[in-house]
């Protein structure tokens, strides 16, 4: 009988690529397709064997706990979650090492700004020491890649190779049969001071693990989504709306409102004289009047009047009134054109 799975999710960071939204909230709490990024991250594990008994380790930066902890306690009360704070941004391995007290037995690790769709049920009978989820890409130089041998086993991970040595991009989702062995590899990484730009990267710890005899294979994934940059967030929003998050059938028929699917519109949003869609997410308590909105995310409590918006991100309680624009507006902003 396997031990219960441990699931580690490093979330610490400044979220600079998603500003201005991350000035006022952690990146995992940004909304898309009717839910937060964190909701979708946690949903990735729904097919995990023994999920009700799994333990989650969320590693936060000091400014994230005030919002993330109560959100998880309210919306994921069924999960057993431990919270950790990474005081200094010293890299992925450093973040995972904070959770070493709990990382014994089989574990999974996922980054908080990438989403994949995968069936984890095979892990109940997995015989390898580790698994790295990968996706074939035409130009792997922007990603970390996995080098494999003739048996399909990983011999090395390389961060952003300058030459095309492999087209298997590592998507930031891993399985380890023994959390203790990974922690020992990280300790060796610390001792040898294997760093890049003053950060301890997980790929280097995994390479040490492999050098010490661990056997790792790759697991291909078809769907790999990015929620770490504004343009990518909108692309992910479009994908999710087209693949299950659309609720246009429930909100259609409002007088003076035209809905073009797929969209997600919260039942408590108020919409008058608007054309909404396609690919629009509208949050709770949003007020929209005399506007046309396409390919955009409008977060909770935003107020928009007489606008034509496309490719826009509108933060919580933001107010926008005026003319046709493309906007990236953070929380509590007020703009009148």
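The values are calculated or read from the model by the stated rules, or taken from the named source; none is laboratory data. Because the structure is predicted, anything quoted here is derived from the model rather than measured. Note that each Cβ is placed from the backbone with ideal geometry, even for glycine, and that neighbours are counted across all protein chains shown.
The single condition among (1) assigned to a strand (DSSP E or B); (2) free of Cβ contacts under 8 Å to residues at least 40 places away in the same chain; (3) crowded, with 18+ Cβ neighbours inside 10 Å that residue 172 does not meet is (2).
Here 176, 201 are screened, and the one residue that is assigned by TED's automatic domain parsing to the domain that holds residue 30 and over 22 Å from residue 142 (Cα atoms) is 176.
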